[in-house]
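For reference, the structure discussed in these notes is given below.
All of the numbers you see were taken from the coordinates with simple rules; none came from a lab. This is a predicted model, so every value here is computed, not measured. Glycine gets a Cβ as well: all are built from the backbone with ideal geometry, and neighbour counts include every protein chain shown.
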Amino acid sequence: LIALLAGLIWLVVGRSLRGLTQLAEALGERSVHVLHPLENALYAPELMPIVDATNALLTRLDESIQLQKMFVADAAHELRTPLTALKLQLQ
């Protein structure tokens, strides 16, 4: 009886954690450059707080990267302008 209950518990816990395993695999398979949100419909309702928090984090990370790219582009432009003026004066 104990072996049967242990097997039943193993089966129930394994099935209940399947959604969490799928979420971990989906995040693990993502490329570094893929920052679009996860699809909510693919996961169990119990995982929605984790999926929503992950999506919010991915959105903030994408915004941060975009701001960094804009800053670098502006800084590069600001550095090129004085260098061009110095080159013209030297010539």
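Sequence-distant contacts, meaning Cα pairs under 8 Å at least 6 residues apart, place the relative contact order of the chain at 22 percent.
Computed over the Cα atoms of the range 27-71, the ratio of the radius of gyration to the Kirkwood radius (Rg/Rh) comes to 1.05. Taking other residues whose beta carbon is less than 13 angstrom from the beta carbon of LYS69, and scoring Lys, Arg as +1 and Asp, Glu as -1, yields -3. A dipole drawn for the chain from +1 and -1 charges on Cβ atoms has a positive end, and of SER31, ALA6, PRO49 the residue lying farthest that way is SER31. Taking packing as the residue-averaged number of other Cβ atoms within 10 angstrom, the listed peptides 54-63, 29-38 run from highest to lowest as 54-63, 29-38. Panel note: the C-alpha atoms of the chain, placed on their principal axes, show extents of 93, 21, 15 Å (largest first). Karplus-derived 3J(HN,Hα) values for the range 76-90, using 6.51 cos²θ - 1.76 cosθ + 1.60 with θ = phi - 60°, are 5, 5, 5, 6, 5, 4, x, 5, 5, 5, 5, 4, 5, 5, 5 Hz; glycine and proline are entered as x. Extending 7 Å from the Cα toward the beta-carbon at both THR59 and GLU46 defines two label points whose distance is 2.6 nm.
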